[in-house]
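What follows is a short report on a single structure.
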Amino acid sequence: MKVVSLFSGAGGLDLGFIREGHEIVWANDNFDDAVLTYRKNIGEHIFLGDIKDVSSNMIPDHEILIGGFPCQGFSVANMNRSKNDSRNKLYLEFLRVLSDKKPKYFIAENVKGILSLEKGKIFELIVSDFESAGYTVTHKLLNSADFGVPQKRQRVFIIGRRMDVPHSIQEPIITHTENPDIFDELHPWVSVGEALSDIPDPDGTHNLLNHTYSKFKLKFNGYLGNRRVDPDKPAPTVTARGDSKGGVVVLHHPNNTRRMSVRELAVVQSFPIDFEFIGTNSSAYRQIGNAVPPLLAQKIAVIFKDIK
């Protein structure tokens, strides 16, 4: 199907849909490095600019609208989250495009914290708005590790079907589990050690793109970005917290002697090994942390493959 992508960043969600044969006809983001990365790896159909300044008439007709509207205002990691945070209102731009273009389906992705914001009232409002636009709405909290991504990352996916469209949408099929002895039809979770086992030392000889890393001193105080990483388990959640001046929060490498390189963090997010990130290390880390893992995106995109 034809797909429009909002808040597309470096293109993790888009890449999953492309892998399943869908066509991204238009995409948008206002982070210039992410747009350059998208153009380098995916295509020229991405528009750099604030979606608030884009008329719906500029956006091509499409069958699926996808996007992870910026989540900082919703995140459980942000202790100042509030219904008054202007970033929380960006979902209204997604709603505006949805209401004006009326695609058959939509997928909106966000952090787990959106479910509990203002004791659930914000999420109820968002779902109500989507329903008022003419859509039947469901949502699912998915863990990337359950789909083969070497990372424990929980995200909410809101899925909508236009009310006049008869085809129901199936849930993505889980392929991996933490307990393979109990669920023997599923594969065990992929560990971060296994995922990075073939990646050479960034300080040695290699020909990998973006294989440089933050020299920020390691800490082991239990806080996000300062936790010991267990090589035998999926990595903790890759985040985009921090700033463009080098203050991003980067996970420890599973050997716990340095932080992960950009390339390694991209592997943990399931980006292809030859996917090139444009910008500084800090910018690339942010692009990766903001992305939907392409492998998870692909498992979601497949549910739209055989319906019209």
Tell me whether segment 222-232 contains one or more residues that are within 29 Å of R39 (Cα to Cα) and in a loop (DSSP other than H, G, I, E, B). no
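Results for (1) aromatic (F, W, Y); (2) free of Cβ contacts under 8 Å to residues at least 40 places away in the same chain, shown as yes or no for each residue.
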| site | (1), (2) |
| --- | --- |
| D29 | no, yes |
| A34 | no, no |
| Y38 | yes, yes |
| G43 | no, yes |
Applying the selection to segment 127-171, what residues are surrounded by fewer than 14 Cβ atoms within 10 Å (Cβ to Cβ), closer than 30 Å to P254 by Cα and either among the β-branched types (V, I, T) or touching a residue at least 40 places away in the same chain (Cβ under 8 Å) (or both)? none
Determine whether L218 is touching a residue at least 40 places away in the same chain (Cβ under 8 Å), assigned to a loop (DSSP other than H, G, I, E, B), in contact with a His (Cβ under 9 Å, 6 or more places away or on another chain) and more than 30 Å from E20 (Cβ to Cβ). yes
Residue tally, condition part of a helix (DSSP H, G or I) and under 21 Å from the mean Cα position of the chain (by Cα), over segment 187-211: 2
Hits in segment 98-119 - residues which are within 20 Å of S168 (Cα to Cα) and among the charged types (D, E, K, R): K102, K104, E109
Is there any pair linking a residue in segment 248-267 that is in contact (Cβ under 8 Å) with a residue 60 or more places away in the chain and under 17 Å from V190 (Cα atoms) to one that is hydrophobic (A, V, I, L, M, F, W, C) and part of a strand (DSSP E or B), with Cβ under 9 Å and at least six apart or on different chains, and which? P254/A235
Filtering segment 172-204 for residues that are polar (S, T, N, Q), buried (at least 17 other Cβ atoms within 10 Å of the Cβ) and touching a residue at least 40 places away in the same chain (Cβ under 8 Å) leaves a count of 1
The one condition I273 fails out of (1) without any contact (Cβ under 8 Å) to a residue 60 or more places away in the chain; (2) under 29 Å from A301 (Cβ atoms) is (1)
Residues that are at pLDDT 95 or above, farther than 27 Å from G289 by Cβ and among the acidic types (D, E), drawn from segment 123-172: E131, D164
Does E131 qualify as being part of a helix (DSSP H, G or I), on the phi < 0 side of the Ramachandran plot and not aliphatic (A, V, I, L, M)? yes
How about segment 113-126: which of its residues are under 23 Å from K102 (Cα atoms) and surrounded by fewer than 17 Cβ atoms within 10 Å (Cβ to Cβ)? E124, L125
What's the number of the condition S75 fails, among (1) of a type in the set (G, A, S); (2) at pLDDT 80 or above; (3) more than 16 Å from G160 (Cβ to Cβ); (4) touching a helix residue (DSSP H, G or I) at 6+ places or on another chain (Cβ under 6 Å)? (2)
Has segment 83-93 got at least one residue that is touching a strand residue (DSSP E or B) at 6+ places or on another chain (Cβ under 8 Å) and either at pLDDT 90 or above or surrounded by 14 or more Cβ atoms within 10 Å (Cβ to Cβ) (or both)? yes
Does segment 282-295 contain at least one residue that is over 20 Å from H176 (Cα atoms), charged (D, E, K, R), buried (at least 17 other Cβ atoms within 10 Å of the Cβ) and modelled with pLDDT under 95? yes
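The values are calculated or read from the model by the stated rules, or taken from the named source; none is laboratory data. Keep in mind the model is a prediction, meaning the values are calculated, not measured. All Cβ positions, even for glycine, are placed from backbone atoms using ideal geometry, and neighbour counts span all protein chains on display.
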